[in-house]
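Visitor: First the structure, which I've put down as C-alpha cells, then a few questions once you've had a look.
The values are calculated or read from the model by the stated rules, or taken from the named source; none is laboratory data. Note that this is a predicted model, so its numbers are computed, not measured. Glycine also receives a Cβ, built like all others from the backbone with ideal geometry; neighbour counts cover every protein chain displayed. Surface accessibility is based on the protein's heavy atoms, side chains included, excluding ligands, DNA and RNA. Shrake-Rupley method; radii C 1.70, N 1.55, O 1.52, S 1.80 Å.
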Amino acid sequence: MKKSVFNLFVFMFLFALTACDNDDCSCDDEIYGKWEAKEFMSIESVLYVKNNDYNPVIEFKNDGSYHLGLDVNTCFGDFDLEENQVLSISDAGCTEACCDSDFSQKFTSMLPQVSGYEIETSTLILEVEGWGWIELARVSE
C-alpha cells in the first residue's frame with residue numbers, strides 16, 4: 001500500500017513538472033498577473049511619448065477581466081483566451097480625468113486590435129496584425 005501511494009505521488013510530481021514543457025501546450029494561465037507596457041514595436045511608435053517615462057500597467061485576472069492603470073486614469077474590460085495563443089481584448093471603459101500620455105492613450109486604443117500573444121520568460125508580446133506589437137514586462141503574478 002505504501003509503495004502504491006509513493007508511486008502515485010512520484011507520478012503526479014513528474015506529470016506536474018512536464019505538463020507544459022512542449023510547444024503544443026496551451027499554458028494560458030501564464031498571462032494572468034500584472035504587466036507593464038514598455039514599448040511599441042511599430043513604425044509609428046516614436047509618435048507616442050510617455051509622461052515622465054510612466055509605463056501603463058495591465059492586470060489580466062483569472063475571471064476574464066482586466067484592470068488598466070494609466071498615467072492618470074484607470075480602465076476596466078474583459079478578455080478571452082483561445083487556442084493557439086489567440087487573445088481577444090474588449091474596449092476599455094475608463095475614468096475621464098485628464099492628461100494621460102499619448103503612449104497610454106495609444107496603448108488603450110490598441111488593446112481591442114490585439115490578435116495574439118507570446119510569452120518569453122518575463123516578457124509578454126501582444127501582437128497587432130498589420131501594425132506591429134506591444135512589449136510588456138511582468139510586474140507580478
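Visitor: Of all residues in the stretch 91-114 being surrounded by 16 or more Cβ atoms within 10 Å (Cβ to Cβ) and small (G, A, S), which is modelled with the lowest pLDDT?
Guide: Within the stretch 91-114, the subset surrounded by 16 or more Cβ atoms within 10 Å (Cβ to Cβ) is 92, 94, 100-101, 103-108, 110-111, 114.
Now drop any that are not small (G, A, S), which leaves 92, 101, 104.
On the way: A92: 97, S101: 91, S104: 94.
The extreme case among them is S101.
Visitor: Could you give every pair whose Cβ atoms fall below 8 Å, whose first residue belongs to the stretch 121-134 and is within 15 Å of K34 (Cα to Cα), and whose second residue is open to solvent by 50 Å² or more (accessible area, probe 1.4 Å) and of a type in the set (K, R), counting only separations of at least 6 or pairs across chains?
Guide: S122/R138; T123/R138; L124/R138
Visitor: Could you check S88 against (1) open to solvent by 20 Å² or more (accessible area, probe 1.4 Å); (2) in contact (Cβ under 8 Å) with a residue 60 or more places away in the chain and say which number it fails?
Guide: The number of the failed condition is (2).
Visitor: I need the full set of residues from the stretch 47-76 which are surrounded by fewer than 20 Cβ atoms within 10 Å (Cβ to Cβ), aliphatic (A, V, I, L, M) and either out of contact with any Leu (no Cβ under 8 Å at 6 or more places or on another chain) or part of a loop (DSSP other than H, G, I, E, B) (or both), in order please.
Guide: Answer for the stretch 47-76, where residues must be surrounded by fewer than 20 Cβ atoms within 10 Å (Cβ to Cβ), aliphatic (A, V, I, L, M) and either out of contact with any Leu (no Cβ under 8 Å at 6 or more places or on another chain) or part of a loop (DSSP other than H, G, I, E, B) (or both): L47, V49, V72.
Visitor: Moving to a separate point now. Counting just the residues of the stretch 36-88 that are among the basic types (K, R) and within 16 Å of M110 (Cα to Cα), which one comes out modelled with the lowest pLDDT?
Guide: K50
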